[in-house]
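A.B. asks: Sharing a structure below in structure tokens format, with a few things to ask.
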């Protein structure tokens, strides 16, 4: 091209204009991508609508006007308006009008959408590239290639409540023997009997693909976007790439007796091109710790329990062991510090060349130094607290249970199976025997602790303001506590006085007549509506029952209806979202709601009315849940 330009000077201006235009276009794409990476969804307000703020500053960039706002990808984000999904750019401008039931993120030039209860593929102009109903799932992968899951032979079915996953997690297509790679122009590139797992960024065009071996056991290889193998199937288990390595595990050896097959499995690691750089030789291997990996072999090698030839080890990226040995315990350095290993009671810092530098017998490691003078130090397998001033030691406590990295609130610590709390002045709450269990103060003046199987309340000096007499007790915020929440819940203050209406702004108040966004239920002539914080009607009281707003809609049971239907902030029915047979404000795990009628719809309406009456103080007990737990 440059020879042509050099010999035809008259067309140089055209090429300059073209190149300038291309650079402008590219810079625009990069700027859009950079802007998108800084914008994150944020929802709130009385109707829980969503917009976007800058990730770091939290400054609003796109106002809250969407029912649902999904993360940006490739400069576009899926948003829901009046029950339908479309896409906006980073300025908030609608670039693909809302017409989909659901919409996934863009990967390259394509995104998976749901319409007519079936998934399809659109391009960046919003045009259908793969019509809905052809595949059960189809996810953009690389270029014009997709991870696709066809419908079972001879059957087409509609999807309900489809959750469109990003290609970053193709586990959505990991069903056995029924997926493959489909090309927009060429059709199927592989057999439709594969199972996929994430390997690397989609733009690299590599993905783990699993098939079945002769024993009908999963076996994985690394597949290219054109359907050919980068690494033929050989591994029984695989993981995604972390840094420069991905962990792989050997396939199960069926020539061994069944009881020996799991013990015979070995792990190694491949590089970003699938080359096996750490042989399959470790019973366990993890590389989530930066430069070094972790492995272990828990079998003691002598009667004393010392694990000089077993235990835990630090693995280099080439698969060799740092210091060429196993330790009783290892720790990985943070902020550039050396990894450490313990043999018996002695800890060693380990140089990159494997040299082991033992700690001095009296060595201590400073963990925290608080503004008031309290110091927290590590000494061997324990932590000690040094009081301000003369640094008199308080402790020792078990190192394994110390997880704090800041100086707020008393420190929860454990010793001999009991919990204690150490205050900023070095005083220890819990006396000699400690607590069986405890909650943190979390900025409050009181908290709940457990002694001899019962819960009570202490202040920051450790004195009981409520003696331990309760089977269940937990902090609920703003100085209040929930009592017996699984049976007949009620609330008390820090001194044991019954609290009928939890303090304004506490989590308990949000679970009464006030919704998370600030709207509050109110009743008139037996029908319910919602008011704002000033008492102005937001939703007129014309429903037998209704919910708080979430995702820009509330669920309502109209007096003349037979189903729960969604309404918007204007109180009008959202036709794009289907009605449902029942609705409950929360779910209790492994339980079913108390029945009020043989008709499921009527029972749910009566249950919700009982719940609202309970929150309003018109009913002594809340409606219940029947199952493993009862309310």
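A.B. asks: Going residue by residue through segment 512-519, is there one that turns out to be modelled with pLDDT of 90 or more and surrounded by fewer than 18 Cβ atoms within 10 Å (Cβ to Cβ)?
C.D. replies: Checking segment 512-519: not a single residue is modelled with pLDDT of 90 or more and surrounded by fewer than 18 Cβ atoms within 10 Å (Cβ to Cβ).
A.B. asks: Also: Which numbered condition trips up residue 597, out of (1) surrounded by 14 or more Cβ atoms within 10 Å (Cβ to Cβ); (2) over 33 Å from the mean Cα position of the chain (by Cα); (3) without any contact (Cβ under 8 Å) to a residue 24 or more places away in the chain?
C.D. replies: The number of the failed condition is (1).
A.B. asks: OK, next. Within segment 367-419, can you find the residues that are surrounded by 14 or more Cβ atoms within 10 Å (Cβ to Cβ) and at pLDDT below 75?
C.D. replies: Result: 380, 391, 402, 404.
A.B. asks: Another one. Can you tell me which residues in segment 247-273 are more than 26 Å from residue 321 (Cα to Cα) and touching a residue at least 24 places away in the same chain (Cβ under 8 Å)?
C.D. replies: Of everything in segment 247-273, just one residue is more than 26 Å from residue 321 (Cα to Cα) and touching a residue at least 24 places away in the same chain (Cβ under 8 Å), namely 254.
A.B. asks: Among 199, 254, which is part of a loop (DSSP other than H, G, I, E, B), over 26 Å from residue 113 (Cβ atoms) and at pLDDT below 95?
C.D. replies: 254
A.B. asks: May I pose another question? Taking segment 531-558 as the region of interest, how many residues are touching a strand residue (DSSP E or B) at 6+ places or on another chain (Cβ under 7 Å), under 19 Å from residue 611 (Cβ atoms) and assigned to a loop (DSSP other than H, G, I, E, B)?
C.D. replies: 4
A.B. asks: Does residue 525 qualify as being surrounded by fewer than 16 Cβ atoms within 10 Å (Cβ to Cβ) and either within 20 Å of residue 551 (Cα to Cα) or at pLDDT 85 or above (or both)?
C.D. replies: In short, yes.
A.B. asks: Within segment 293-342, take every residue that is in contact with a helix residue (DSSP H, G or I) (Cβ under 7 Å, 6 or more places away or on another chain) and assigned to a loop (DSSP other than H, G, I, E, B) and give me the one that is modelled with the lowest pLDDT.
C.D. replies: Of everything passing the filter in segment 293-342, 339 is modelled with the lowest pLDDT.
A.B. asks: When you scan segment 107-121, how many residues do you find that are surrounded by fewer than 24 Cβ atoms within 10 Å (Cβ to Cβ) and free of Cβ contacts under 8 Å to residues at least 60 places away in the same chain?
C.D. replies: Counting residues in segment 107-121 that are surrounded by fewer than 24 Cβ atoms within 10 Å (Cβ to Cβ) and free of Cβ contacts under 8 Å to residues at least 60 places away in the same chain gives 7.
A.B. asks: Right, something else. Going by the conditions given, is residue 288 modelled with pLDDT under 95, within 23 Å of residue 324 (Cα to Cα) and under 28 Å from the mean Cα position of the chain (by Cα)?
C.D. replies: Spelling it out, residue 288 is indeed modelled with pLDDT under 95, within 23 Å of residue 324 (Cα to Cα) and under 28 Å from the mean Cα position of the chain (by Cα).
A.B. asks: Quickly run through segment 78-100 and pick out the residues that are more than 27 Å from residue 143 (Cβ to Cβ) and buried (at least 20 other Cβ atoms within 10 Å of the Cβ).
C.D. replies: 80, 83, 84, 98
A.B. asks: So residue 210 passes all but one of these: (1) part of a strand (DSSP E or B); (2) under 20 Å from residue 112 (Cα atoms); (3) modelled with pLDDT of 90 or more. Which condition number does it fail?
C.D. replies: Here residue 210 meets the rest and fails (2).
A.B. asks: Give me the residue from segment 79-137 that is within 27 Å of residue 54 (Cα to Cα) and touching a helix residue (DSSP H, G or I) at 6+ places or on another chain (Cβ under 6 Å) and, out of that set, modelled with the lowest pLDDT.
C.D. replies: Among those residues, the one meeting the criterion is 107.
A.B. asks: Go through the residues of segment 227-238 one by one and say whether even a single one is assigned to a loop (DSSP other than H, G, I, E, B), modelled with pLDDT under 95 and either on the phi > 0 side of the Ramachandran plot or surrounded by 14 or more Cβ atoms within 10 Å (Cβ to Cβ) (or both).
C.D. replies: The answer is no, given that none of the residues of segment 227-238 is assigned to a loop (DSSP other than H, G, I, E, B), modelled with pLDDT under 95 and either on the phi > 0 side of the Ramachandran plot or surrounded by 14 or more Cβ atoms within 10 Å (Cβ to Cβ) (or both).
A.B. asks: Of the residues in segment 559-579, how many are touching a helix residue (DSSP H, G or I) at 6+ places or on another chain (Cβ under 9 Å) and either part of a loop (DSSP other than H, G, I, E, B) or surrounded by fewer than 19 Cβ atoms within 10 Å (Cβ to Cβ) (or both)?
C.D. replies: Count: 3.
A.B. asks: Residues that are at pLDDT 90 or above, surrounded by 13 or more Cβ atoms within 10 Å (Cβ to Cβ) and assigned to a strand (DSSP E or B): does segment 356-366 have at least one?
C.D. replies: yes
The values are calculated or read from the model by the stated rules, or taken from the named source; none is laboratory data. Note that the structure is predicted; figures quoted are calculated from it, not measured. Heads up, the Cβs are rebuilt from the backbone with ideal geometry, glycines too, and the neighbour counts pull from every protein chain shown.
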